[in-house]
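Down below is the structure, laid out as structure tokens.
The values are calculated or read from the model by the stated rules, or taken from the named source; none is laboratory data. Keep in mind that what you see is a predicted model, and the values were worked out from it rather than measured. Ideal geometry is used to build each Cβ from the backbone, glycine not excepted, and the neighbour counts take in all protein chains shown. Surface areas here come from the heavy atoms of the whole protein model, side chains and all, with no ligands, DNA or RNA. Shrake-Rupley method; radii C 1.70, N 1.55, O 1.52, S 1.80 Å.
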Amino acid sequence: MIDANVTLEGRDLTRSFGDGDTRSVVVHDVSLEFCAGEMSLLLGPSGSGKTTLLGMLSGLLQPDEGQVVVLGQDLWHMSERERELFRLHHCGFIFQGANLMPALTARDHLEMVLRWGERLPWSEVNRRVTDMLGLLGLSRKGHLLPEHLSGGEKQRVAIGRALIKQPRLFFADEPTSALDWEHGKHVVELLRETAHGGATVVMVTHDPRILNYADRIYRLEDGRLLGADAPTESAVLGAP
Amino acid sequence: MRKPYSLKILWHGRNRFLPAILAVSFSAVLIAVQSGVLLGTLAVTSRPIDHAAAQIWIGIRDMPSIELGHPIPEAWMFRLQAQPEVEDVEGYLYEFAYWHKPGGGSEHCCIIGARLEGSSMGAVNDLTPQMRTLLTEPGAIVVDATDLDRLGLKHGVGESAEIMGQKVRVVGLVHGFKSIWGPYVFCSMETARRLLTMYGADQYQYILAQCRSSADVPAVVERLQRRYPEMSVLSDRDFSVQTRLYWLTRTRIGVALGLTSILALIVGLVITSQTLYAATAASLREYAVLRALGLPRWRISTLVVSQSFWIGLGGVSASVPAALLLGRFAGFVGAEIQLPIWLLAATIAITMTIALVSGLLALRSLRLVEPANLLR
Ligand SMILES: Nc1ncnc2c1ncn2[C@@H]1O[C@H](COP(=O)(O)OP(=O)(O)OP(=O)(O)O)[C@@H](O)[C@H]1O
Ligand SMILES: [Mg+2]
């Protein structure tokens, strides 16, 4: 299956932790690809290596072996600095927690990325931040500190912070695990819109309800890929 | 104006940062006040020079400060008079003696005998014309108001005591001459000669001179010094500085005060850097997200150092009024604290530097910022 839209490809990725006797291979010879315009899921039991794989695909965790080709470039052949710039220009992240700075408002968090990352003038920053807050449904909460936002709102700020620089690749590690489904659904819908707007979205999740939103699903077990599923089929398989 | 992120962080965590701000402020106050006390104390040692009109002081060779002169021959006056620029020359006595309190007991005192006429170069300008008239009486003296206790006197004016077995009578009080050595006793040259019998009639401790134009002083000093190596020739300014430096280095009051200041600085440094370190370490995950998103490391470092800047600024702005108030208060109780602008500026500079250094030290916690740690 060769798809012209493939933007991110992992080839023979292997990663282990520890030395000698305690060494354990966590991701074993995994090859997989992701396309622009799709929201892809990485599924698997706890400890199966999903997060480790996501780290390698996103430039945060160095693989022992294998290659990550992203937007036509070999991610792990770049220098540290080049990889950092690559992440700045192309990658958005959200993690399990929102990890917002307690002293800064929702608006500050979004501004900071544009000011520090892209050095845009204030007028441009303001416009984009206001637009993004609107998109997140936080138009009237921009001035609030994290302590005054609900869990879902915080996670939306975190997503906004990752989306505001309009990345072509978006990595999310269990972004909904700390949220109830009402809020979780919002987050997933936002990510799907992002994907359908042309970005490549890779999400690690445990939540079977998300399967219905996915365009592509990879399953991991003991660090090995079981194969890619069609979404509907996997939804059935994935149901507990 | 938008508030910088660092300032927002500081304000939000003000309870956490308050001790650091107080520590910085405390060390700044301590440095300023300690140095002010030092300056004030040292100023008293050279005040007889600073408050006299003489421009050139001649004494025995190798005299490190005004207290450590020795009798010199009156004949040296001719050497000065021979200089065309010199307008006026006169003698000066400065010697330690025993003061016998009226109620018993004795005390060191320091006798300053000078000519008293209006054109006098040696008499301190604190002596009013009225006092100068009274001082022409044999045995009449003027002392500092704050020394009365030490001299065993009650109200001063009108009271008598003995110096070297000779009766003296207080005719006036001056202020600001509370010496670290022993009380100053101002009197006429004639009275001083009567009290200090070890001086020959043709001896002085210093010879003072004035030039027609003060611009000539350096040249005259230089010429005399080259010509007569057996005498010390100093401008009033140099002699004053030399005297204060002698006291600074010789007595080690400077050392004691300096050490306390350094200690205060270290405490400020440690508290500030630990506070910032802890605050930064508590935000590692937040900073890691910024790094994952590709925001440069230096932005985060700047964020931390800026916080130390605000801590420094907060501490300093609290300390300047506090130091000035303490200075006022000290003046009130008779201690002298000098807080010239340059001292305040230096204190601010040192304190801000220390605050920024603590910020830089706190940066070591940023080594722990690792985006991969977010993948848990
Ligand atoms: N830094 C590390 N050092 C040592 N072992 C690690 C490290 N990171 C992960 N592991 C191990 O690798 C295995 C896979 O971890 P990983 O986080 O990829 O799993 P996961 O599929 O994301 O699990 P979960 O669904 O519970 O998040 C686990 O057994 C874990 O203990
Ligand atoms: Mg995981």
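Magnitude of the charge dipole for chain B, about its Cα centre and with charges confined to Cβ atoms of Lys, Arg (+1) and Asp, Glu (-1), is about 2640 debye.
Cβ-Cβ distance of B:Tyr98 and B:Thr353, R₀ of 41 Å, FRET efficiency by 1/(1 + (r/R0)^6): the value works out to about 0.25.
Here the Kirkwood formula, the inverse mean of 1/r across different C-alpha pairs, assigns chain B a hydrodynamic radius of 24.4 Å.
Within segment B:43-86, list the residues whose amide N lies under 12 Å from a label point set 7 Å along Cα→Cβ of B:Ala219. Within reach of a label on B:Ala219, which here means backbone N under 12 Å from a point 7 Å along Cα→Cβ, segment B:43-86 contributes B:84-86. Shown in residue order for segment B:171-179 are the 3J(HN,Hα) couplings computed by the Karplus curve 6.51 cos²θ - 1.76 cosθ + 1.60 at θ = phi - 60°: 10, x, 10, 10, 10, x, 10, 7, 7 Hz (x for Gly and Pro). Between 0 and 90 degrees, the angle of helix A:151-163 with respect to the longest Cα principal axis of chain A falls at about 80 degrees. Sorted largest first, the principal axis extents computed over the alpha-carbon atoms of the protein assembly as shown equal 123, 54, 49 Å. Database remark: amide H of A:Glu221 closer than 5 angstrom to the amide H of A:Leu226 (H placed geometrically; neighbours at sequence offset of 5 or more, or on other chains; Pro and chain starts carry no H). Length gained on full extension, B:Thr133 to B:Val157: 7.2 nm, using 0.36 nm per residue less the C-alpha separation.
Rolling a 1.4 Å probe across all protein chains gives B:Ser319 an accessible area of roughly 10 Å².
Within the protein assembly as shown, DSSP assigns beta bridges of which about 65% are antiparallel (rounded to the nearest 5). From the alpha carbon centroid of segment A:129-173 to that of segment B:235-252 is 67 Å.
Other residues with beta-carbon under 15 Å from the beta-carbon of B:Val37 carry, at +1 per Lys or Arg and -1 per Asp or Glu, a net charge of +3.
In sequence order, segment B:13-23 has phi-based couplings of x, 4, 5, 6, 8, 3, x, 5, 4, 5, 4 Hz under the Karplus curve 6.51 cos²θ - 1.76 cosθ + 1.60, θ = phi - 60°, and Gly or Pro positions carry x. Per-residue accessible area (protein heavy atoms, 1.4 Å probe) orders A:Lys165, B:Lys167 as B:Lys167, A:Lys165, starting from the largest.
Going by accessible surface with a 1.4 Å probe and the largest first, A:Arg219, A:Arg115 read A:Arg115, A:Arg219. Could you tell me the calculated FRET efficiency between B:Ile60 and B:Val270, based on Cβ-Cβ distance and R0 = 45 angstrom, to the nearest 0.05? Once rounded, the FRET efficiency stands at 0.35. Per-residue Karplus couplings for segment B:285-295, computed as 6.51 cos²θ - 1.76 cosθ + 1.60 with θ equal to phi - 60°, are listed in order as 5, 4, 5, 4, 4, 4, 5, 4, 6, x, 5 Hz, Gly and Pro entered as x. For segment A:77-96, backbone nitrogen atoms closer than 20 Å to the point 7 Å from A:Trp181 Cα along Cα-to-C-beta are found at no residue.
Counting, for every residue in A:14-20, the Cβ atoms of other protein chains within 10 Å of its Cβ and taking the mean gives 0. Computed per residue of chain A from DSSP H runs no shorter than four, each worth -39500 (n - 2.57), the mean residue ellipticity at 222 nm is -10000 deg cm²/dmol.
With R₀ set to 56 Å, the beta-carbon distance separating A:Thr14 from A:His148 gives a calculated FRET efficiency near 0.80. Remark: spin-label model distance A:Leu85-B:Ala345 equals 4.4 nm, labels positioned 7 Å along the Cα→Cβ axis.
Restricting the trypsin sites (Lys or Arg not before Pro) of segment B:98-158 to loop positions (DSSP other than H, G, I, E, B) with no more than 13 neighbouring Cβ atoms within 10 Å leaves B:Lys154.
If only the Cβ of Lys and Arg carry +1 and only the Cβ of Asp and Glu carry -1, the dipole of the protein assembly as shown around its Cα centre is close to 800 debye. Residue order by solvent-accessible surface for B:Trp57, B:Trp342 is B:Trp342, B:Trp57, largest first, with ligands and nucleic acids left out and a 1.4 Å probe.
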